[in-house]
Amino acid sequence: MSDATDSAQVDLTAIGRWLDEHAPELPSGEFAHVQPVGGGTQNIMLRFTRGGRAYVLRRGPAHLRAKTNEVIAREARLLGALGDTDVPAPRVVAACEDTNVIGAVFYLMDPVNGFNPQTELPDVYANDVDMRHQMGLSAVEAIARLGSLDYAKLGLADYGHPDGFLARQVPRWLRELETYSALPGYAGPQIPELDRVGDWLERNRPADVTPGIMHGDCHLANIMFDYQKPQVAALVDWEMSTIGDPLLDLGWQLATRPEPGTTAAAIVGTVGEIGGLPTPDEMVAHYAEFSDRDLSAITWYTVLACFKLGIVLKGTHARAAAGKAPKQIGDFLHAITLELFAKADKLLE
């Protein structure tokens, strides 16, 4: 679900002037090899070289939303803080919050040498079930390491609002769901399990939370993997990152684990079709190898992930009903929402 991206949407000349002034240590010269970077993001991403050095630029979509610039600036700040940690993430080279330069906040990062399973699956993975199994475990390890970081020491004490994080989740996302009703042509949620799941989450919410950095949307389509060995090259698309409860990241991976034959499996292409990823129990056990967090309530976090992601996807379905997004995509995401809530409902048992 990407906006069309090409160099015409980014003023490279202006970026060159800005780099020469604010990052003179970087090589100057002509821009070359300019090409869009695909994937699941709605933001504009371009890969190019300048002075023989390769970069990836990230900015908001051509039609900016209300908080897009703020989100991109936050991403750049977080990635900068993660640069010297053992969490695999893109390395930020330069960031610009002055919207007068190209009309939007942007940042430049080093290209990631890896593949996104949403768009490709190398033969070494496709032909070896153990590679896919280890691939899934590596994704779990990455979020466990992220959640174990001391965010205050990284200068991120004000990056989120961890107090009351879990208590806010159900009311916040139900309010979000209500806002969709303002869109013309939208017939309402049509989620049979909505009330039951929401009530269960409120009644069974964990009492104790140890705050940490959350990616917030860490399904496989937002992860890049090494081409040759089954390990994460980088967690990408940090738009929903915050300081909250990192166990929701594990719940998110469990909720979005692609199961062959389901609608959601199509999001990650071939790996969603052929499977071979670790089981939920294996994922939880592997997380415990890199974290001392209490995992006894992981079912609750998985249900919350289904609830939250289902409502997020429902937004595109509502916009499609109003003619603001393609109908085919809206129907596809609505089907995934129904699968997520059905999974959540089954987990209650």
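The values are calculated or read from the model by the stated rules, or taken from the named source; none is laboratory data. Model, not experiment: these values are computed from the prediction. For neighbour counting, all protein chains shown are included, and Cβ atoms are generated from backbone atoms with ideal geometry for every residue, glycine included. Please note that ligands, DNA and RNA were not included when accessible areas were found on the heavy atoms of the full protein model with its side chains. Shrake-Rupley method; radii C 1.70, N 1.55, O 1.52, S 1.80 Å.
Data for the structure
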{"item": "Test set (1) at pLDDT 95 or above; (2) part of a loop (DSSP other than H, G, I, E, B); (3) small (Gly, Ala, Ser) - Ser138 fails condition number", "result": "(2)"}
{"item": "Positions within the stretch 302-342 being in a helix (DSSP H, G or I) and among the small types (Gly, Ala, Ser), in sequence order", "result": "Ala305, Gly310, Gly315, Ala318, Ala320, Ala321, Gly330, Ala335, Ala342"}
{"item": "Filter result (within 20 Å of the chain's Cα centre (by Cα), among the β-branched types (Val, Ile, Thr) and under 23 Å from Glu282 (Cα atoms)) within the stretch 299-349", "result": "Thr302, Val303"}
{"item": "Close pairs (8 angstrom Cβ cut-off, 6 or more residues apart or separate chains): on the phi > 0 side of the Ramachandran plot in the stretch 149-162, open to solvent by less than 60 Å² (accessible area, probe 1.4 Å) anywhere", "result": "Gly155/Ala81"}
{"item": "Contacts under 8 angstrom Cβ, first residue in the stretch 70-97 being basic (Lys, Arg) and surrounded by fewer than 22 Cβ atoms within 10 Å (Cβ to Cβ), partner at pLDDT below 95 and in a helix (DSSP H, G or I), 6 or more apart", "result": "none"}
{"item": "All positions within the stretch 169-205 that are in a helix (DSSP H, G or I), of a type in the set (D, E, K, R), open to solvent by less than 90 Å² (accessible area, probe 1.4 Å) and touching a residue at least 60 places away in the same chain (Cβ under 8 Å)", "result": "Glu176"}
